[in-house]
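What follows is a set of notes on a single structure, which appears directly below.
The values are calculated or read from the model by the stated rules, or taken from the named source; none is laboratory data. Computed from a prediction, not measured in an experiment: that's the story for all the values here. We place every Cβ from the backbone using ideal geometry, glycine too, and count neighbours over all the protein chains shown. Keep in mind that these areas ignore ligands, DNA and RNA; they rest on the heavy atoms of the full protein, side chains included. Shrake-Rupley method; radii C 1.70, N 1.55, O 1.52, S 1.80 Å.
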Amino acid sequence: MTEVPTPSRASGSGGNGADEQPRRRRLEPDERRAQILAQAIEMFGERPYAAVSTAELAQRAGVARGLINHYFGNKRDLYLAVVRRMVTLPRADELAVPTGSTRERVEASVRWLLDTISEHGSTWVKVTSHEGVGDDPEVQQILDAADDAAAQRLLVMIGLADGEASEEPRRAMVRAYGGLVKVAGREWLTRGTMTRAQVHTLLVDMLSTLVTESLPRVHRSS
């Protein structure tokens, strides 16, 4: 059982509180689950999948090992939960759709992308580049759905989501742009070969070209 210390006065003569002992508060199930998941995100970002031990994870999370199985199942199930967390976008109603010129909307969209992927840095890079469990169909299914959701979200942010059938080629091209985002993110977050500012410039230029040149040509030809 995971517990968090809270202050408590020890009983004693005089009741002057000179001696204080910590009283521990039991964590609620959602808190325990979140605590385990947070540690798993950290550990899967530090080392390869095979090198992550659930026994060490339980120790670092301050929980009994059996709680990992209780909340997540086996290690692969826990990894799948980490993948889902890494690629889950903020809720649509929490998204501030940018306004202004096309360039301003593109700039704001790229800032949003970089803020999103940098939240968990190396773990995001590992799960999106298949450095975890390798060629796993369930992982790929999660990543494919996340790529599609991110492409749709980006179309909304740059003002090109119209809900028409012709939107699918646009979404496919934005998904292809997402491949560049992943590679650039890796260069920045794990290899250190690019700064965030350099990645921002690259992604803004490429997305601007996509929006102003490539997508209009595809739309005219469809």
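Points worth noting:
- Inter-residue pairs, beta-carbon under 6 Å, first under 21 Å from Val204 (Cα atoms) and in the stretch 152-170, second at pLDDT 85 or above and open to solvent by 50 Å² or more (accessible area, probe 1.4 Å), 6+ apart: Ile158/Arg105
- The stretch 130-149, residues that are among the small types (Gly, Ala, Ser), in contact with a helix residue (DSSP H, G or I) (Cβ under 6 Å, 6 or more places away or on another chain), at pLDDT below 90 and surrounded by fewer than 20 Cβ atoms within 10 Å (Cβ to Cβ): none
- Applying the criterion of being assigned to a helix (DSSP H, G or I) and modelled with pLDDT of 95 or more to the residues of the stretch 191-203, the residue that is most open to solvent (accessible area, probe 1.4 Å) is Gln198.
- Hey, Thr116 open to solvent by 20 Å² or more (accessible area, probe 1.4 Å), closer than 24 Å to Met43 by Cβ and in a helix (DSSP H, G or I) or not: yes
- Checklist (1) at pLDDT 90 or above; (2) surrounded by fewer than 13 Cβ atoms within 10 Å (Cβ to Cβ); (3) not polar (S, T, N, Q) applied to Ala58, failing item: (2)
- The selection criterion, being within 21 Å of Glu138 (Cα to Cα) and modelled with pLDDT of 90 or more, does not hold for Thr88.
- The stretch 17-41, subset crowded, with 17+ Cβ neighbours inside 10 Å and part of a helix (DSSP H, G or I), residue modelled with the lowest pLDDT: Arg32
Residue-wise test of (1) closer than 30 Å to Arg47 by Cα; (2) at pLDDT 95 or above; (3) part of a loop (DSSP other than H, G, I, E, B).
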{"residue": "Gln152", "(1), (2), (3)": "no, no, no"}
{"residue": "Leu189", "(1), (2), (3)": "yes, no, no"}
{"residue": "Asp205", "(1), (2), (3)": "no, yes, no"}
{"residue": "Thr212", "(1), (2), (3)": "no, no, no"}
